[in-house]
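Novice: Here's a structure for you.
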Amino acid sequence: MNIGNASKLRGIIDILLENESRINEAKPIRYWYPLSLATYGTDEIIEALDSMCSFRTSMAEKTLQFERQFSKWQDSADAVMVNSGSSADLLLCLLLTNPLAPMVNPGAEIIIPVVTWPTQIWAAMMAGLKVKFVDVDPDTLNVDLDDLESCITSETEALFLVHLMGNPCDMDRIGALAKQHKLHILEDCCEAMGATWDGKKVGNFGVGAAYSFFFSHHITCMEGGMVAAASLEGAEQLRLLRAHGWIRNVDPSRYDLSSHPDIDPRYAFVNWGLNVRPTEVQAGFGIRQLEKADAFGLRRRAIAERFNAHISKTTWLRTPVVSPKAVPSWLALPVMVHQDAPFTRSEITAYLESCGVETRPVVTGNVARHPVAKLFPEFRTRSFPGADKIHSHGFYIGLSPLQTDANVDRLLETFNTFLERY
């Protein structure tokens with residue numbers, strides 16, 4: 001797209017966005033404090049239109065550019081973009097069981113927290129791994145470390161962590177357990193992009209990490225995901241798994257086709273795989289969003305610190321405990337209602353909703369209590385008291401970097417008004 005056309009297009013988009021804003025202001029809005037706000041604008045839209053107008057929408061140069069930029073930002077060996085965070089989870093698990101270069105034994109046991117987004121669980125199951133659930137600490141929202149240690153057996157070969165809501169797990173103790181028992185670590189960082197443990201970004205403590213670029217996440221591609229890989233070899237295998245087991249997007253010289261003279265090298269398949277490729281439109285969004293990631297993170301942290309400090313003034317509500325070694329990258333503002341509070345989780349969330357503040361449970365709560373648990377015996381092995389507390393007492397509200405200070409003031413006052421009843 002030439003500079004003159006891009007300039008004209010930018011002007012048109014700016015006018016459209018301004019008119020859309022005015023239209024929205026005139027509409028009755030249920031939530032003045034929603035879970036998320038759109039963080040994209042003219043730059044992302046121009047990138048998307050550029051791909052469509054140049055008829056380059058399938059995965060190509062922009063995807064590779066975004067992968068390289070993300071890998072540099074994340075400090076990983078490489079990065080492989082996919083169509084969603086759930087697909088990133090799936091490719092990570094398939095990397096462990098990869099027929100071309102398996103890292104674990106068939107049917108290996110993998111430990112997963114019982115409070116998580118469910119596709120983390122389904123990914124492991126679909127990759128042929130045997131899932132064992134570990135309880136979650138309601139104080140941190142992350143894996144219960146004592147329960148984790150007791151869950152590890154001779155059959156355990158991997159841990160699939162999640163840094164829930166952006167609060168890093170205790171990677172010192174987890175790393176020591178993994179080293180002691182020779183376990184592979186996978187990390188779900190879909191809610192924790194930019195969080196650090198002891199100065200090191202989460203996602204760099206094991207084989208690889210999954211990221212999500214859904215609308216409400218730290219950066220957005222509308223839909224999209226990334227796998228940050230700890231090695232170049234791992235990234236190459238992920239690229240095969242991402243696209244049919246096809247050598248098109250890897251170095252073909254590494255695969256000897258001399259014994260298959262009847263195979264067209266343009267259509268050579270060396271492994272199994274899926275099609276979870278992203279589009280150039282998604283990648284273009286990602287390129288521009290990544291430029292804003294650090295600023296978004298600082299704003300999220302500032303709002304979260306103010307909110308958490310305010311909530312700490314009451315004994316009836318509490319926010320997650322954060323280790324001195326951790327710097328969270330909060331996806332949202334999670335809250336636990338104390339079991340001795342004179343009100344229930346349902347009462348405070350109903351009040352917030354009635355006042356225009358959108359709320360949600362802490363992801364699944366205890367996923368073993370959902371109807372889907374009837375389908376799989378893994379869910380029916382034992383009880384999870386920590387997860388049950390989160391299930392019954394936890395909720396979260398949105399954390400957008402575009403929220404104004406005035407809206408944050410209003411949010412805190414809304415909490416005050418409810419608490420003053422008691």
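Novice: Out of the stretch 299-317, which residues are touching a residue at least 60 places away in the same chain (Cβ under 8 Å) and surrounded by fewer than 19 Cβ atoms within 10 Å (Cβ to Cβ)?
Specialist: Result: ARG299, ARG306, HIS310, ILE311, THR314, TRP316.
Novice: Also: Could you grab me the full set of residues in the stretch 150-181 that are aliphatic (A, V, I, L, M) and at positive phi?
Specialist: Of everything in the stretch 150-181, just one residue is aliphatic (A, V, I, L, M) and at positive phi, namely MET165.
Novice: Quick one: in the stretch 237-261, which of the residues that are without any contact (Cβ under 8 Å) to a residue 12 or more places away in the chain and small (Gly, Ala, Ser) is nearest to GLU291 (Cα to Cα)?
Specialist: SER253
Novice: Could you say which residue among THR116, THR140 is polar (S, T, N, Q) and closer than 15 Å to GLU187 by Cβ?
Specialist: The unique qualifying residue is THR116.
Novice: Name the residues in the stretch 206-237 that are in contact with a helix residue (DSSP H, G or I) (Cβ under 7 Å, 6 or more places away or on another chain), of a type in the set (A, V, I, L, M, F, W, C), in a loop (DSSP other than H, G, I, E, B) and at pLDDT 95 or above, would you?
Specialist: Listed by number, the residues that qualify are VAL207, PHE213, PHE214, ILE219, CYS221.
Novice: What are the residues in the stretch 317-340 that are under 18 Å from GLY386 (Cα atoms) and either at pLDDT below 95 or part of a loop (DSSP other than H, G, I, E, B) (or both), if any?
Specialist: Of the residues in the stretch 317-340, the ones under 18 Å from GLY386 (Cα atoms) are 317-322, 334-340.
Passing the criteria: THR319, PRO320, VAL321, VAL322, HIS338, GLN339, ASP340.
Novice: Across the stretch 150-205, which residue is farthest from GLU109 (Cα to Cα) among those that are in a strand (DSSP E or B) and aliphatic (A, V, I, L, M)?
Specialist: VAL162
Novice: Does the stretch 256-275 contain any residue that is under 30 Å from THR97 (Cβ atoms), among the basic types (Lys, Arg) and out of contact with any Cys (no Cβ under 8 Å at 6 or more places or on another chain)?
Specialist: Yes: one or more hits.
Novice: If we keep just the residues of the stretch 345-386 that are basic (Lys, Arg) and assigned to a helix (DSSP H, G or I), which is nearest to LEU331 (Cα to Cα)?
Specialist: ARG345
Novice: Then there's this: Mind checking which residues of the stretch 79-109 are surrounded by 24 or more Cβ atoms within 10 Å (Cβ to Cβ) and not in a helix (DSSP H, G or I)?
Specialist: ALA79, VAL80, MET81, VAL82
Novice: Only residues that are over 23 Å from the mean Cα position of the chain (by Cα) and not in a loop (DSSP other than H, G, I, E, B): list them for the stretch 394-412, please.
Specialist: ASP405, ALA406, ASN407, VAL408, ASP409, ARG410, LEU411, LEU412
Novice: Follow-up question, since we're still on this one. Got a number for residues in the stretch 250-289 being surrounded by fewer than 18 Cβ atoms within 10 Å (Cβ to Cβ) and either part of a helix (DSSP H, G or I) or not assigned by TED's automatic domain parsing to the domain that holds LEU64 (or both)?
Specialist: Total satisfying the criteria: 6.
Novice: Considering each residue of the stretch 347-381, count those that are more than 20 Å from TYR33 (Cβ to Cβ), in contact (Cβ under 8 Å) with a residue 40 or more places away in the chain and basic (Lys, Arg), and give that number.
Specialist: So the answer is 0.
Novice: Let me ask you something else. Condition test on LYS182, is it over 30 Å from PHE296 (Cβ atoms) and of a type in the set (Lys, Arg)?
Specialist: Yes: the conditions hold for LYS182.
Novice: Between residues in the stretch 147-174 that are at pLDDT 95 or above and residues that are small (Gly, Ala, Ser) and surrounded by fewer than 19 Cβ atoms within 10 Å (Cβ to Cβ), which pairs lie under 8 Å by C-beta distance while being six or more apart or on different chains?
Specialist: PRO168/SER323; ASP170/SER323
Novice: Using beta carbons and a limit of 8 Å, which pairs, at least six apart or on different chains, have the first residue in the stretch 212-236 and assigned by TED's automatic domain parsing to the domain that holds PRO118 and buried (at least 24 other Cβ atoms within 10 Å of the Cβ) and the second one among the basic types (Lys, Arg) and outside any loop (DSSP other than H, G, I, E, B)?
Specialist: Final answer for the pair search is HIS218/ARG300.
Novice: Looking at the stretch 114-136, which of its residues are assigned to a helix (DSSP H, G or I) and either closer than 20 Å to CYS169 by Cα or of a type in the set (Gly, Ala, Ser) (or both)?
Specialist: Answer for the stretch 114-136, where residues must be assigned to a helix (DSSP H, G or I) and either closer than 20 Å to CYS169 by Cα or of a type in the set (Gly, Ala, Ser) (or both): PRO118, THR119, GLN120, ILE121, ALA123, ALA124.
Novice: Here is a follow-up. Just to be sure, is LEU141 within 21 Å of the chain's Cα centre (by Cα), in a helix (DSSP H, G or I) and not assigned by TED's automatic domain parsing to the domain that holds SER383?
Specialist: So LEU141 does not fit the description; no.
The values are calculated or read from the model by the stated rules, or taken from the named source; none is laboratory data. Keep in mind that this is a model prediction, so the values were computed, not measured. Positions of Cβ are backbone-derived with ideal geometry, glycine not excepted, and every protein chain shown enters the neighbour counts.
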